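The values are calculated or read from the model by the stated rules, or taken from the named source; none is laboratory data. Here the structure is a predicted model, which is why all the values come from computation and not from measurement. Heads up, the Cβs are rebuilt from the backbone with ideal geometry, glycines too, and the neighbour counts pull from every protein chain shown. Note: accessible area is taken over every heavy atom of the protein model, side chains too, but ligands, DNA and RNA are not part of it. Shrake-Rupley method; radii C 1.70, N 1.55, O 1.52, S 1.80 Å.
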Amino acid sequence: MQELWQSLVGFVNLWVEPLGYEFMVRALISAVLVGSLCAVMGSYLVVRRLSLLGLVVSNSVVPGIAVAFLLYVNIFVGGFISGILATVGLGWLQGKTRIKEDAAMGVVLSTFFGLGILLITKIQAERKVNLNNFLFGNILGINASDLITSAGIAAVVLLAVWALYKEFLLLSFDAQWAAAAGLPTRALHYAMMALTALTVVASMQAVGVALTIALMVIPAATASLLTNRLATMMGLSVGLGVTSSVVGLYLSYYLNLSSGPTITLVSALLFAAVVLAGPLLLKVPTGSFLGRLKGMVVLEGASGAVPPSEPATPAPQPAAPAGKPAMRIVRDSDGRLSLQPDQPSGVER
Amino acid sequence: MLSVRDLNVSYGLRPALERVSFGVEAGRLVGVVGPNGAGKSTLVKAIMGVVPRRSGAVLLEGEPLEKVRERVAYIPQRAGIDWDFPALVREVVAMGCVPRMGWLARPARADRARVEAAIERVGLTDLAHRRIGELSGGQQQRAFIARALVQQARLFLFDEPFAGVDQYTERAILGIFEQLRDAGCALLIVNHDLGDVVRRYDDLLILRGEVVAYGPREDVFTQANLNRAYLGPVAAV
């Protein structure tokens, strides 16, 4: 009993003791902030299938950071502006040319990132400073003023998501319908991307721009396997994100590891655990469980068979009048269209 | 109620709709039929303004439709939706409240009651807590009709509401359409099917890049009009 108590105390101390250092307290606050912020915005990216766009935005803040550094402007502002420019540039490319979405993203992402790296290596050589922290994150080295800025940004983003929740839900679920219903979907999309850019600049010192995408996408993807509601998904995602960043922070403290990659790998481990254990916990077949990730849920397997609420046999139907085409277009369960004769026995499901 | 005047739409240089003019009175159930590529979906989208109009005007109760969008319910083809989206049937139906709600507003008790009533009307009460993607095609279609009911619209635009639904659901949907019509709404329904359903419409708009015929069903549903719409290659549309 005594031994058990001792080891429990030891375990708690493992977490509490480092908090004697002020830098560790700042890092912990930062981990909680960044973990929840990235998880909320990442949930939108995942349900809208825009994870890659998150990557574009996050990598595109790099030249902005460099230019801001050159001009002695606030690097948060520089990074934000450059992330927005990339999003607008991408929208322009997609609207004005026939380039496909993924190719356009590849072009914008690599151009901005290339320019950013070029500028940063130049600055580092000339000014003898280290900007690697922005690329790969150094959560243990965050100073108080940067932490306050990050907290301010997080507050703005979370408030905006709270205020625009129902509009963002409509945009994400059915953008075409939302536009038809009179919602300014374009403005909402760019607002969402601006919030994503803010999330990236608020997180870059903790996990680095190269890996903010991990903290946005991995917890959200993990949560998407476990729930049927966006709000619940966001909550779970925040839990997973905060867990990842806090555990990652302590690992990086004790093992002297780079914080960004460590946090990323912890969230990847949680993802792997849910992928492997999820089907057992939810008692569903692995195929349909993971189907949610690739967008191909097997209807019957998802959570027990869907009971057919309609009678199996159709009421008799008069034959189509002679001389008139009596074909009907049928959409099968995979969404493919096919032409079938319109006969009384033709019950499609 | 709805007045479409000289509507022209093109995709690039290719005209999709030319000089389309027609009007729909309140309390009419109008079917839009025509071959593939005749511009049926395009017509509905152009009315809603989700595809750009090259020229033409769309008025709802005398006002440009853009200004009174909340009076219109648009039910797009099902294919455009991500069925893996984490949203319950009840949440999808409740989305119909949003167009009439202000920014920052939260659903009131009356809104929630309307949502439940709409779910019951389409017979999805038992499935309201399911994820939308778990429903069958016909049930999903009914969920979107419930969302449209919640919108309290005056004009309903349906794009292929009967695609992939069984005959029981088809009949149930038609019943709801007729109730809406009898309540003084106007309905415009795009339909591939020239079978049984056609006989339930009051008016027919036969389309092939332009209006082939429009009027009461018994007047325009003739072999001659159908031949003009369906026979021969669909050129230039």
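For the reader, a short list of remarks on this structure follows.
- Note: relative contact order over region B:114-237, using C-alpha pairs below 8 Å and six or more positions apart, is 18 percent.
- Taking the Cα centre of region A:15-288 as reference, the dipole from Cβ charges on Lys and Arg (+1) and Asp and Glu (-1) amounts to some 500 debye.
- Among the residues of A:163-174, the average count of other protein chain beta-carbon atoms within 10 Å of the residue beta-carbon is 5.
- Computed log₁₀ I(q)/I(0) - Debye formula, equal Cα scatterers, no solvent, region B:149-237, q 0.15 Å⁻¹: -0.64
- For chain B, averaging the sequence separation of C-alpha pairs within contact (under 8 Å, six or more residues apart) and dividing by the residue count gives a relative contact order of 31 percent.
- Within region A:13-35, backbone nitrogen closer than 16 Å to the virtual label 7 Å beyond the Cα of residue A:151 toward Cβ: A:22-35
- Measuring spread by the Cα atoms of region A:167-228 yields a radius of gyration and Dmax of 14.3, 41 Å.
- Accessible-area ranking of A:189, B:129, largest first, probe 1.4 Å: B:129, A:189
- log₁₀ of I(q)/I(0) at q = 0.08, 0.13 Å⁻¹ - region A:15-288, Debye sum with one point per alpha carbon: -0.32, -0.85
- Taking every DSSP beta bridge that has both ends in region B:139-237, the antiparallel portion is near 50%.
- DSSP bridge pairs, chain B: antiparallel proportion in percent, nearest 5: 55 percent
- Minimum 50 Å² accessible area buried by the other protein chains, region B:87-111 residues, probe 1.4 Å, relative to alone: B:91, B:95, B:98, B:103, B:104, B:106
- Each residue was assigned an accessible area with a 1.4 Å probe, and for residue B:5 the value is about 130 Å².
- Put simply, chains A and B cover up around 5300 Å² of each other's accessible surface, both sides summed, when a 1.4 Å probe is used.
- Most to least accessible of B:112, B:100 (protein chains only, probe 1.4 Å): B:112, B:100
- Nitroxide proxy distance, nm - points 7 Å out along Cα→Cβ at residue A:176 and residue A:130: 5.3 nm
- Solvent exposure ordering (accessible area, 1.4 Å, most first) of A:75, B:145: A:75, B:145
- For region B:1-90, the convex hull drawn through the C-alpha positions has a volume of 141 cubic angstrom per residue.
- Net charge dipole size for chain B [Lys, Arg +1 and Asp, Glu -1 on Cβ; Debye, nearest 20]: 520 debye
- Between region B:59-105 and region A:211-225, the alpha-carbon center distance in angstrom: 29 Å
- Computed across region B:79-237, the Kirkwood radius stands at 17.4 Å (inverse of mean 1/r, all Cα pairs).
- Modelled this way, with points 7 Å down the Cα-to-C-beta line, the labels at residue A:281 and residue A:77 are 4.5 nm from one another.
- log₁₀ of I(q)/I(0) at q = 0.12 Å⁻¹ - the protein assembly as shown, Debye sum with one point per alpha carbon: -1.19
- DSSP-defined beta bridges in the protein assembly as shown - what % are antiparallel, rounded to 5: 60 percent
- Magnitude of the charge dipole for the protein assembly as shown, about its Cα centre and with charges confined to Cβ atoms of Lys, Arg (+1) and Asp, Glu (-1), is about 840 debye.
- Residue B:214 accessible area, assembled protein chains, probe 1.4 Å, Å²: 70 Å²
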